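All remarks here apply to the structure that follows.
The values are calculated or read from the model by the stated rules, or taken from the named source; none is laboratory data. Only a predicted model underlies this, so the values are computations on that prediction, with no experimental measurement involved. Cβ atoms come from the backbone with ideal geometry, glycine included; neighbour counts cover every protein chain shown. Accessible surface areas use protein heavy atoms only, side chains included; no ligands, DNA or RNA. Shrake-Rupley method; radii C 1.70, N 1.55, O 1.52, S 1.80 Å.
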Amino acid sequence: MYYSFTDLSMLKTPNWIGIANFQEIFTYDRDFRKSLMATCIYVIISVPLKLLFALFIAMLLNMKLKGIGLFKTLFYLPSILGGSVGIAILWRFLFAREGFVNLLLSKVGLSAIDWLGSPKLALPTVSLLAVWQFGSSMILFLAALKQIPKELYEAAMVDGSGRVRMFFRITVPMITPIILFNIIMQMINAFQEFSAPFLITQGGPLKATYLYGLMVYENAFTYLKMGYASALSWILFVIMMALTFLIFKSSKGWVFYQDGGMES
């Protein structure tokens, strides 16, 4: 916090400059608006898709199937590997102009798509890497699904309820505490994303993937503006705290606990 009010760099002793860093961020820095907008879009794309996919896979793994332990391990592997440098570079080659994805498209008679070179497609393509790392959310959903009393499903079946109705009337309400936890954790992780845009697109094209974490990094370690980067970091912290607070406030109306009550 102190350094956000200074002109700290790696080359000189910091001087107190008051709110000058924040003034520059909000009034002169055009990259701030672009980066914040790109980050919000990234969060909106990646978090819901990741949680939906994680829940879908968790429900499949909750079925009694042979070798289910092996499948759990295989589905969790992307979360272990997905954040690595090697996987990010592999993702870049998969979606390159002459990459594997376009090769598959050509096999079915479709033209190649510039996944990483198009400002409209680059951010969704990078977001898919985050969706692929669904393992941690999946494990939590799976644990929550196993805690749902089977008697509830048996009673619903006696009443003639179908699978879709039971999903929305029983499954979803009973796992809302885990949904709340996953939303908050994945939102925080998404706002701090750095490795994917840095390694796959370097923030391009036209800064379409210039996420906030990349902006903080460049100001701190490329331009050596540590004080400015500290101010950017505190702004991000306030944004995440505000969103977390709003999600917690809203949860009073939709989070259900097994003792029969909503969140107090």
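Report Rg(Cα)/(2.2 N^0.38 Å) for the chain, keeping two decimals.
Rg over 2.2 N^0.38 Å, computed on Cα atoms: 1.21.
If the cut-off is a Cα-Cα distance under 28 Å, which lysines reach Lys12, setting aside same-chain residues fewer than 8 apart in sequence?
Lys225
Report the dimensions of region 1-105 along its three principal axes from the alpha-carbon atoms, largest first, rounded to Å.
Reported extents, whole Å, longest axis first: 65, 36, 27.
Per the Kirkwood definition applied to all pairs of different Cα atoms, how many angstroms is the hydrodynamic radius of region 54-138?
14.6
So what's the back-of-envelope 222 nm ellipticity for the chain, counting only DSSP H runs of four-plus at -39500 (n - 2.57) apiece and dividing by all residues, rounded to 500?
Mean residue ellipticity, 222 nm, calculated: -18500 deg cm²/dmol.
In degrees, nearest 10, range 0 to 90: what is the angle between the Cα axis of helix 226-250 and the longest Cα principal axis of the chain?
Between the helix axis and the principal axis of the chain, the angle is about 30 degrees.
Gaussian network model of the chain, Cα springs within a sub-10 Å range: biggest mean-square fluctuation belongs to which of Met215, Met157, Met226?
Result: Met157 has the largest fluctuation of those listed.
What accessible area per residue, rounded to a whole number of Å², is obtained for the chain using a probe radius of 1.4 Å?
On a per-residue basis, 57 Å².
My understanding is that a pair violates if its Cα-Cα distance is over 22 Å; which of Lys66/Lys146; Lys64/Lys252; Lys50/Lys107; Lys150/Lys249; Lys64/Lys150 do that in this structure?
Beyond 22 Å between Cα atoms: Lys64/Lys252; Lys50/Lys107; Lys150/Lys249.
Highest first, please rank the peptides 126-136, 104-114, 165-175 by the mean number of other Cβ atoms sitting within 10 Å of their residues.
126-136, 165-175, 104-114
Taking all protein chains in place and a 1.4 Å probe, what share, in percent, of the accessible surface of the chain do carbon and sulfur account for? Before the final figure, lay out the partial values.
Details: 10370 of 15010 Å².
Percent of accessible area from carbon and sulfur atoms in the chain: 69.
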